[in-house]
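The values are calculated or read from the model by the stated rules, or taken from the named source; none is laboratory data. Given the structure is predicted, the values throughout are model-derived calculations rather than measurements. Cβ placement follows ideal geometry from the backbone for every residue including glycine, while neighbour counts extend to all protein chains displayed. Areas reflect the complete protein model, heavy atoms only, side chains present, ligands, DNA and RNA absent. Shrake-Rupley method; radii C 1.70, N 1.55, O 1.52, S 1.80 Å.
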Amino acid sequence: MGIMYKSTRSDSAQVTASQAILKGLADDGGLYVPSSFPKLPVGIEELAGLGYKEIAYIIMKEFLSDFTEDELKKCIDSAYDDKFDTKEIAPLRKADGAYFLELFHGATIAFKDMALSILPHLLTTAARKNHVDKKIIILTATSGDTGKAALAGFADVEGTGIIVFYPKHGVSLIQERQMVTQKGGNTYVVGIEGNFDDAQTGVKNMFNDKELAALMNANGYQFSSANSINIGRLVPQIVYYVYSYAKLIHDGAIKAGEPVNFVVPTGNFGNILAAYYAKNMGLPVGKLICASNENKVLFDFFKSGTYDRNREFILTSSPSMDILISSNLERLIYHIAGNDCEKTAELMEKLISEGSYRITDDMRKNLAIFEGGYATEDETAETIRRIYEQDGYVIDTHTAVAADVYNKYRESGDKTMAVIASTASPYKFTRSVMMAIDKSCGSPDDFELIDRLSGISKVKIPQAIEDIRSAKILHDRVCGKSEMKSVVMDILGIQI
Ligand SMILES: *Cc1c(COP(=O)(O)O)cnc(C)c1O
């Protein structure tokens with residue numbers, strides 16, 4: 001039998017992959033995890049010549065075990081097509097003594113497209129397989145990039161609606177503009193007077209609200225999630241780690257079997273968790289280097305074994321990582337506890353009641369492949385400038401956090417080949433990027449800065465940016481963080 005899924009918080013019944021994708025979050029508030037880790041079904045050297053879609057199929061069929069070959073191949077073909085501006089889908093670029101894995105060539109120019117261009121197909125296929133007759137409402141909290149990628153993926157997808165909550169004062173101008181200009185009769189975008197953690201907590205509370213679930217059901221709706229708590233987000237993210245490894249062999253940069261370090265700019269811990277899953281499948285990984293911005297709750301966790309969110313929330317130039325409650329860490333906690341759901345539930349309760357928890361020494365031993373680091377705002381800007389001046393390569397603020405952390409890490413003497421996950425196009429954070437390169441370029445107009453960035457980077461302005469220059473604003477709803485539930489009911493026309 002193939003892989004099944006269970007909750008991180010209890011040993012209740014296992015569900016199939018398609019059921020886990022449909023539900024998003026388990027009934028007990030836990031996250032779905034695979035019952036075991038499948039091993040790479042082909043030899044490492046055989047991967048070398050394969051394209052993105054071929055590797056996507058090889059990896060995803062192991063995890064999505066109740067999807068037929070035909071179903072999965074259709075999902076993959078519909079996702080990784082010319083919505084991406086390069087056939088490679090995720091090209092590698094050598095700079096600063098490492099490889100940058102560019103994950104931003106999709107429709108909304110951030111790495112969220114890697115998974116969110118396929119999630120709507122996985123979800124509608126899952127709905128068909130499970131004979132779902134309700135309209136699926138995708139409820140999403142975003143720190144800026146998931147929102148647009150999910151909106152683009154689900155816009156006008158039959159049988160679905162999507163509601164996105166974003167921190168009204170916590171995203172870049174381009175990020176906000178991308179979301180509020182979203183077309184589609186089934187799309188809703190709401191700014192909240194709060195930060196990303198407030199948005200994510202509000203969404204999770206709605207998922208766990210039994211009364212709301214009953215009302216939804218009575219009105220012909222059910223919720224699902226486009227956040228990385230959904231296993232349908234996580235699994236497609238494993239693919240590009242394997243793909244980048246295959247490319248490195250193919251290009252002669254490494255020999256098959258040689259370890260590679262992955263450096264990942266981290267917020268909600270979804271991207272780096274996918275790398276950990278790749279490692280557990282047998283991909284030769286040396287270190288997983290977790291890079292944080294000044295919200296360095298994960299750096300402190302890896303250093304001390306204590307996770308403590310009781311601290312000031314800092315707005316940085318890498319807003320998609322401005323997060324103090326990294327949801328996907330729950331999956332790692334479960335695995336390093338030896339798949340112990342009781343221990344995980346106990347720690348997650350502590351996180352809610354006290355805002356902190358401490359893991360055991362045995363659990364810490366299982367964290368040895370992780371390395372934590374962080375970059376200050378000055379270091380981030382300096383790294384953008386340094387790599388531009390040295391290599392003529394312009395990176396975004398999130399990628400720069402990772403590049404700075406890696407630069408500091410390699411002083412330890414580790415010569416292992418490193419791949420840095422490049423999570424957004426610099427165009428998405430033009431103002432911060434241009435200010436890093438030239439402090440005097442204080443133009444008030446972001447679109448003028450975009451033209452200047454194009455001049456210095458020699459990279460064509462992405463279609464995603466051209467699209468919003470003159471697009472009409474279609475969403476202007478704003479609410480308090482305690483009003484999220486009533487906004488959802490209002491949007492769906494649910495009355496009590
Ligand atoms: C979402 C995001 C991240 C953080 O990824 P997680 O999976 O939440 O850790 C980093 N960079 C960018 C540009 C993002 O959009």
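Based on DSSP loop calls and a cut-off of at most 11 other Cβ atoms within 10 Å, the longest stretch of the chain free of exposed GluC sites (Glu not before Pro) is what?
Result for the longest clean stretch: 313-496.
Read phi for every residue in the stretch 173-181 and hand back ³J(HN,Hα) as whole Hz from Karplus 6.51 cos²θ - 1.76 cosθ + 1.60, θ = phi - 60°, with x for Gly and Pro.
4, 5, 4, 5, 4, 4, 6, 6, 9
Working from the pairwise distances between different alpha carbons, so that the mean of 1/r is found and then inverted, what is the stretch 397-496's Kirkwood radius in Å?
Over the stretch 397-496, the inverse of the mean reciprocal pair distance is 17.5 Å.
For the chain, what is the mean residue ellipticity at 222 nm derived from helices alone (per DSSP H run of n ≥ 4: -39500 (n - 2.57); sum divided by total residues; nearest 500 deg cm²/dmol)?
-13000 deg cm²/dmol
Quick one: check the C-alpha center-to-center distance for the stretch 13-50 versus the stretch 113-149, whole angstrom.
Taking the Cα centre of the stretch 113-149 as reference, the centre of the stretch 13-50 is 16 Å away.
For ASP209, what accessible area in Å² do you get when you roll a 1.4 Å probe over the heavy atoms of the protein chains, rounding to the nearest 10?
Taking all protein chains as shown, ASP209 has close to 30 Å².
Which whole-number value in Å² is the accessible area per residue of the stretch 235-355, probe 1.4 Å?
I get 29 Å² per residue for the stretch 235-355.
Of the accessible area of the chain, with the probe set at 1.4 angstrom, what percent is carbon plus sulfur?
48
Using every alpha carbon pair in the stretch 122-191, what percent of pairs falls into each 5 Å bin from 0 up to the bin containing the largest distance?
Here the calculated profile for the stretch 122-191 is 4, 18, 29, 20, 14, 8, 5, 2, 0.
Viscosity 0.692 mPa s, temperature 37 °C: what is the translational diffusion coefficient of the chain from Stokes-Einstein with a Kirkwood Rh over Cα pairs, rounded to a whole number of µm²/s? It would help to have the intermediate numbers written out before the result.
Working: Rh = 22.6 Å.
Diffusion coefficient, whole number: 145 µm²/s.
Give me P(r) over the stretch 349-458, computed from all C-alpha to C-alpha distances, binned every 10 Å, as integer percentages.
With a bin width of 10 Å, the distribution comes to 13, 35, 25, 17, 10, 1.
Which value in Å does the Kirkwood hydrodynamic radius of the stretch 235-280 take, with 1/r averaged over all unlike C-alpha pairs and then inverted?
Radius from the Kirkwood sum: 11.2 Å.
Given the Cα atoms of the stretch 195-273, and with Rh set as the inverse mean 1/r over their pairs in the Kirkwood sense, what is Rg to Rh to two decimals?
Answer for the stretch 195-273: 1.20.
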